[in-house]
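Let me begin by presenting the structure, written as structure tokens, before commenting on it.
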Amino acid sequence: MLPTKRLLTLTAALLISGFATASPDIHHWRTSNGARVYFVPAPQLPMVDIRVTFNAGSARDGNQPGLAMLTNGMLEEGAGKLSANAIAEHFDNLGANTGFESLRDMATASLRTLTDRELMQPAVETFALLLREPSFPKNALERVRKQMLVGLRHESQSPGTLGSKALYEALYGSHPYAGHSSGTMASVRKLSREDVIAYHRRYYVANNAIVAIVGAVDRQQAEQLAEQVMGGLPAGEGAPALPGVPGLSDSTEKHIEHPSTQTHILLGQPGMRRDDADYFPLYIGNHILGGSGLTSRISDEIREKRGLSYSAYSYFSPMAAEGPYLLSLQTKTESRDEALTVLRATLNRFISEGPSEEELIASKKNITGGFALNIDSNKDILGYISMIGFYNLPLDYLDTFITRVNQVTLAQVHDAFKRRIHPDKMVLITVGEENN
Amino acid sequence: MPKLSHRLLPILLSGSAVLSLGGCSGTGINIQAMLPSQLTTTAEVAANGNGSNHATHEYMLANGMKVIVREDHRAPVVISQIWYKVGASYEHIGITGVSHVLEHMMFKGTDKHPPGEFSRIIAENGGRENAFTGRDFTSYFQQLEASRLPIAFELEADRMRNLHLQEAEFRKERDVVIEERRLRTEDKPSALTYEKFMATAFQVNPYHNPVIGWMDDLKSLTLSDLSRWYQTWYSPNNATLVVVGDVDPEAVHSLARKYFGRIPPSTLPDQKPRTEPPQQGERRVTVLAPAEVPVLIMGYKTPVLRTVDQSWKAYALEVLANVLDGGDSARISRELVRGQAIAASAGASYDLIARHDSLLTLEGTPAQGQKIATLEKALRDQVSRLHRERISSKELARIKAQVTANKVYELDSVFYQAMQIGMLETIGLQWQEAEHYAERINAVTAEQVQQVAREFLIDDNLTVATLQPLPINGKQVKGGDHAAH
């Protein structure tokens, strides 16, 4: 059971959505060296999840694409006196799982362990060592570099990834979001151990980190865990804010020749920030247009009515700066023009006419009625509180979510799409065979 | 590629084995991530159904439909899954892919509800839904706030018998599935390689055929093929209803009786064994396709839990797969990815849960500058070592610790719990098998692992597939063993 004490604050939402969804009770504090901690007790299962999110994504790569990912990927390759083998053995023998991820905005390190003291304490201690004292062994670095190069080659055989990379480049130009987290062949070949050490020293610091904890520990234990994980890191400084993203001044098109039977179509523009004032109207509007699976307009027009694609959708990726707004599908190359025409017409019509009252109500019912499903596991809650912490969202974000969705009006959705989405200033990427 | 690990490359071997209806990002659930992966064997562990928090209840309706309810009161949600005992392994060449196309058509309306209304009603109730087809099952699910379970039951019971198969809807949906095949297989060299690997390893066993169906079969599929398939297999006595969540089991039982109890049972056709004859010699297949990265897949024919003569052998194979690839400290990561740095990524998997005999599979991609032949030799050396030496007590202890922990971790997902119950029941085992998983693994000895290695991991049972990259866009690539460029 999730804590129910917040039920009262949801009265308004209850009246509208008709049932109770209790949001998790989020505890928040700072470690002694400044890391912000978000904790939700979940006593039902004897396990705990800890995720540290650093503002150390590839948006901080500068002119060294791939550096954030290489640094993050090296954390388990050696720490203190422990070799990669010793680290792997240590976690496996405790039944603990670790995970490392590198995105544009952030780099994460995650640990899942049983709360049995004999298992949890050593797991957390080693986890802390990885963050605090990675040794970045030279031979391991060369190996991971080679793995990244194979990864890059793998990406270049995937039409979807080729399209996505080209889209970001075209949308973001000289903005740090233009590059891909996995870097480039040329850059990854040149990254040095010194680069990695410097990157770690600058960004893997307490004031640049969020700690999220969900599990069967109490507040006092959670405080100890947070200190244990972060305590050895220098306080350091948070990363500076990213620059804003200039809008596109014109539409552009790029075709990438690729020997695939389908053409992948990606149509996009810079979208919104996570703390965007238009967040809810844009989110709900897109839910209707292309964000709600088979029931959305794009899927209906492209897939249900015409059988042109298996997967046709649109989404916002809200990020620290304006993340992309993307509309996408894949279709056999001979249907490319037809599918693109329908996709554009669907978007244009949505912007000029807006959604119907009926669609808005249906969307709200789907989003609010399904809210309990978003937070029905420790894993989900961990993701939410990490996001709330990283993007500095209010602590009552989950409590007010349903109300804020329900407050959005038809006029607000229509207005937000008209102001923010510009079909005449979009990037179009196609990946496939030009003359089929 | 957000994560660096020995699984650097998302080689979607298992991606070809289970297909889901929705490919959209919106409300989509990553079913693949929740399934016991065919690449990682550590995850196939059981929930403890005896604890009061996760008590499991089993009912049989008068019409032969089994209902299994597991209580999980952590959150006010419920998942309802209906599992039909039909999938690609029930098909024959000529109509391959029919189970999966029918799964898509199950959203295209009944006598009572027009096409698409099922999805609209679930969406308006805050639900998520999808369906998936595998080799041995077709399954449909809805996730809802717990009090809305009757909505799912009513719709699901309706389409069990009253599907309205219409020609115009069928033609469009067949096109959608053909696009899905292009996306998942035709344009994905590793998936293409896996498809040809399976078709080479199995000649009689129906795992020869891909779940999505051969392209030509898809193109010539007819509405009457679907109609026959639906009439044959969609009945209460061929279905298992699995409900996990914040529910009262007795109330779920009454609801099930109310909505499904009235549906009459049907006579199911007899199943032919379709047993693969002895392989009698190693098989090799080469796939030439435009690609950048070579792929190696090696599979040894093995029995599965359902077909094995003594069940300990299946669990010993499960342990064996974990010795090779059960975490970053397992042999493949330690020796092939890190130590010798031969593989950029590599893994091993064993199909414990399947209806027919299956495979213990080794796969990988060579490290930059390494040849695919070197990787093959290194993997074969790993197999010889399992013949030669007993695994260490340290390795056994590590696997047991992981099994114990996973048993708890799995309870964090109601979806996973339902999947596990449904899959076991549908392939002809019982859900309780999962309850015994940990103790069965714990009982496996080093001698037994060596014994199954010697019995099943032999060259005469081996199939090897390699993807040899052809140039993309006229770029020169040096054969399948090309190094850095």
Among A:PRO24, A:PRO43, A:PRO318, the residue with the largest mean-square fluctuation in a Gaussian network model of chain A built from Cα contacts under 10 Å is A:PRO43
Ranked by GNM mean-square fluctuation in chain A (Cα springs under 10 Å), the top entry among A:GLY236, A:GLY179, A:GLY99 is A:GLY99
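Among rounded, prolate and oblate, which fits the stretch A:23-230 when a ≥ b ≥ c are the square roots of the eigenvalues of its C-alpha gyration tensor, a/c under 1.5 means rounded, and a/b larger than b/c means prolate? Provide the component values of the computation, followed by the final result.
On the way: a/c = 1.98, a/b = 1.58, b/c = 1.25.
Since a/c reaches 1.5 and a/b is larger than b/c, the shape of the stretch A:23-230 is classed as prolate.
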The ³J(HN,Hα) series, computed from each phi in the stretch A:131-147 with the Karplus coefficients 6.51, -1.76 and 1.60 at θ = phi - 60°, rounded to the nearest Hz and given as x for glycine or proline, is 6, 7, 10, x, 9, 6, x, 4, 5, 5, 5, 5, 5, 5, 4, 5, 4
As straight-line cross-link partners of A:LYS138, the qualifying aspartates and glutamates (C-alpha separation under 13 Å, not fewer than 8 residues apart within one chain) are A:GLU77, A:GLU194, A:ASP195
Inter-part gap, Cα centre of the stretch B:380-413 to Cα centre of the stretch A:306-383, in whole angstrom, is 42
Candidates A:LEU327, A:LEU373, A:LEU171; GNM for chain A (alpha-carbon contacts under 10 Å) flags as most fluctuating A:LEU373
Per the rule of 0.36 nm per residue minus the C-alpha distance, extending B:HIS436 to B:LYS219 adds in nm 73.7 nm
Projecting the Cα atoms of B:PRO294, B:SER99, A:THR161 onto the charge dipole of the protein assembly as shown, where Lys and Arg contribute +1 and Asp and Glu -1 at Cβ, the residue farthest towards the positive end is B:PRO294
Sorting B:ILE79, B:SER345, B:GLY428 by the position of each Cα along the dipole of chain B (Lys, Arg +1; Asp, Glu -1; all at Cβ), the one nearest the positive end of that ordering is B:SER345
Pairs over 22 Å Cα to Cα, from B:LYS301/B:LYS377; A:LYS146/A:LYS379; A:LYS190/B:LYS377; B:LYS85/B:LYS272, come to A:LYS146/A:LYS379; A:LYS190/B:LYS377
For the stretch A:252-432, the dipole about the Cα centre with charges only on Cβ (Lys and Arg +1, Asp and Glu -1), to the nearest 20 debye, works out at 180
Across the alpha-carbon set of the stretch A:252-432, Rg over Rh with Rh taken as the Kirkwood radius works out to 0.99
Most packed first (mean Cβ within 10 Å per residue), the peptides A:414-421, B:149-156 order as B:149-156, A:414-421
Expressed as a whole number, the average count of other chain Cβ atoms within 10 Å around the Cβ atoms of A:138-148 is 4
Cross-link reach from B:LYS258 to lysines, straight Cα distance under 16 Å and at least 8 residues apart if same chain, gives B:LYS66
Between the alpha carbon centres of the stretch B:182-211 and the stretch A:143-183 the gap in Å comes to 28
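Classify the protein assembly as shown as rounded, prolate or oblate, taking a ≥ b ≥ c as the square roots of the eigenvalues of its Cα gyration tensor: rounded when a/c is under 1.5, otherwise prolate if a/b is larger than b/c and oblate if not.
On the way: a/c = 1.16, a/b = 1.01, b/c = 1.14.
Rounded.
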The rounded separation in angstrom of the Cα centers of the stretch B:86-128 and the stretch A:104-139 is 44
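Taking the stretch A:178-274, which GluC sites (Glu not before Pro) meet the DSSP loop condition and have no more than 13 other C-beta atoms within 10 Å?
Working: sites: A:GLU194, A:GLU223, A:GLU227, A:GLU237, A:GLU253, A:GLU257; in loops: A:GLU237.
Passing both the DSSP loop test and the Cβ count: A:GLU237.
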By the Cα gyration tensor axes a ≥ b ≥ c (a/c under 1.5 gives rounded; else a/b larger than b/c gives prolate, otherwise oblate), the shape of the stretch A:277-372 is prolate
Between A:ASP396 and B:GLU250, the two model label points (7 Å from Cα along the beta-carbon direction) sit apart by a distance in nm of 4.1
Phi angles of the stretch B:204-216, converted by Karplus (6.51 cos²θ - 1.76 cosθ + 1.60, θ = phi - 60°) into ³J(HN,Hα) in whole Hz with x for Gly and Pro, give 10, 3, x, 5, 3, 8, x, 4, 6, x, 6, 3, 5
Two pseudo-spin positions, 7 Å from Cα along C-beta at A:TRP29 and at B:ALA397, lie apart in nanometres by 3.6
Each label sits 7 Å from Cα toward the beta-carbon; between B:LEU470 and A:LYS305 the label points are separated, in nm, by 3.8
Once the in-chain neighbours fewer than 8 apart are removed, the aspartates and glutamates whose Cα is under 13 Å from A:LYS418 read A:ASP278, A:GLU353
Sorted by chain and then number, the residues having a modelled amide H within less than 5 Å of the amide H of A:ALA312, at least 5 places away or on another chain, are none
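What is chain B's relative contact order, in percent, from Cα pairs under 8 angstrom and six or more apart in sequence? Present the calculation step by step, with values, prior to reporting the outcome.
Values: 953 pairs, mean separation 112.6, N = 485.
Averaging sequence separation for qualifying contacts and normalising by length gives 23 percent for chain B.
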Dipole check, chain B, charges on Cβ (K,R +1; D,E -1), about Cα centroid: among B:SER227, B:MET198, B:LEU61 the Cα furthest to the positive pole belongs to B:MET198
Binned at 10 Å starting from 0, the alpha-carbon pair-distance distribution of the stretch B:76-190 in whole percents comes out as 13, 40, 34, 11, 1
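No value in this document is a laboratory result; all are computed from the given coordinates. From a predicted model like this one, the values you see are computed outputs, not experimental measurements. FYI the Cβ positions are ideal-geometry reconstructions off the backbone, even for glycines, and counts take in every protein chain you see.
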